[in-house]
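The values are calculated or read from the model by the stated rules, or taken from the named source; none is laboratory data. Since we're looking at a predicted model, the values are computed, not measured. Using ideal geometry, Cβ is built from the backbone for each residue, glycine included, and neighbour counts are taken over all protein chains shown. These accessible areas exclude ligands, DNA and RNA; they are computed on the full protein's heavy atoms, side chains included. Shrake-Rupley method; radii C 1.70, N 1.55, O 1.52, S 1.80 Å.
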Amino acid sequence: MTQRKPLFLVLAGDGINCERETAAAFIHAGGDAQILHVNDLLAAPEKLAAYDGMAIPGGFSFGDELGSGQIMALKIRHGLGDAFARFIARKKPVIGICNGFQVLVKLGLLPFPDAAARLVALAPNAGGGFIDRWAKLLPQPESRCIWTAGMGEAIRLPVRHGEGRIVFAEGRAEELHKKLVQNGQIPFCYDTDINGSYARIAALCDPTGYVLGLMPHPEAFMHAECAPQPQRKQPGDGFILFDNIIRHLQGQESSREKRIA
């Protein structure tokens with residue numbers, strides 16, 4: 001009997017521009033994906049229930065009006081309402097990449113969904129400009145993130161953002177960073193300071209480990225041919241995250257063997 005492929009919803013529209021690459025990443029890792037315009041989802045929130053997971057890809061949702069990710073977050077919060085809350089409560093995995101990470105933070109899902117006020121933000125890069133480069137990421141061994149489970153070696157992913165610097169509520173940075181470390185909510189740190197992010201944080205997950213937000217683009221490095229320098233023929237480093245989540249949903253989380261769809 002053929003095992004059903006986990007089906008992921010990939011949001012599109014209104015400035016999102018990485019939906020095709022993100023959908024292809026899930027398919028390449030052995031899952032399935034459907035691209036759905038955000039307006040179609042807002043018109044029928046009940047559609048969410050049909051999916052096993054969700055991705056908010058990178059781009060400039062709603063032109064970054066009122067701040068990066070702000071309008072998309074408001075649309076999801078008020079337009080999807082209980083349907084989205086049930087989706088999260090059922091521990092269906094969610095990934096927000098770059099602008100999608102900003103959306104998850106503005107939604108309040110990351111990193112402390114029970115907090116009365118927003119304690120973390122993604123601010124403009126310390127250098128004041130847009131970053132477009134490859135970055136080395138260090139998996140954090142204490143992380144509880146399902147998407148990065150079992151990752152021990154450093155990986156490389158492309159980054160392209162103008163607002164990716166993790167900052168904390170004034171006067172609380174050390175306290176909140178310590179809490180994130182203790183909770184295992186920091187999946188990746190940059191190996192060097194590329195944007196001024198506190199403690200070089202590159203990604204955050206929620207307390208369950210099912211909701212992941214990261215600034216680098218794993219969907220952009222699914223194939224070895226995408227590497228800036230030649231390497232042995234094998235999947236790109238971004239493949240590991242998508243493979244992890246597909247295997248987890250299929251009950252194969254103990255295996256770390258890379259498979260190619």
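Along the axis of the charge dipole computed for the chain (Cβ charges of +1 for Lys and Arg, -1 for Asp and Glu, origin at the Cα centre), the listed residues G79, I35, G129 are led at the positive end by I35. If I take R0 = 25 Å and measure r between the Cβ atoms of D14 and H223 in this structure, what FRET efficiency does the formula 1/(1 + (r/R0)^6) give, to the nearest 0.05? Between D14 and H223 the formula returns 0.30. In the stretch 108-197, the C-alpha radius of gyration followed by the widest Cα-Cα span (Dmax) gives 13.7, 36 angstrom.
Placing +1 on the Cβ of every Lys and Arg and -1 on the Cβ of every Asp and Glu, with no other charges, gives the chain a dipole of roughly 480 debye about its Cα centre.
Overall, the stretch 107-261 carries a charge dipole of about 260 debye about its Cα centre when +1 sits on the Cβ of Lys and Arg and -1 on the Cβ of Asp and Glu, all other atoms neutral.
Students often get this wrong: which residues of the stretch 79-104 have the backbone nitrogen under 19 Å from the point 7 angstrom along Cα-to-C-beta of D40? Under 19 Å, as judged by backbone N against the label point of D40, lie 79-80, 84 of the stretch 79-104.
Counting only DSSP beta bridges with both residues in the chain, the antiparallel share comes to about 55 percent.
How many percent of the alpha carbon pairs in the stretch 83-148 exceed a separation of 16 Å? The partial results should precede the final answer.
Values: 1358 of 2145 pairs.
Value for the stretch 83-148: 63 percent of Cα pairs lie more than 16 Å apart.
Accessible surface ranking for I131, I95, 1.4 angstrom probe, highest first: I131, I95.
Ellipsoid fit via the Cα gyration tensor, the stretch 1-157: semi-axes of 23, 22, 17 Å, each the root of five times an eigenvalue, largest first.
With pairing defined as another cysteine C-beta under 4.7 Å, the cysteines of the chain that fail it are C18, C98, C189, C226. Most tightly packed first, judged by the mean number of other beta-carbon atoms within 10 Å of their residues, the peptides 52-58, 180-186, 150-156 read 52-58, 180-186, 150-156. With a simple spin-label model that places each label point 7 Å from the Cα along the Cα-to-Cβ direction, the separation between Q250 and R86 comes to 2.8 nm.
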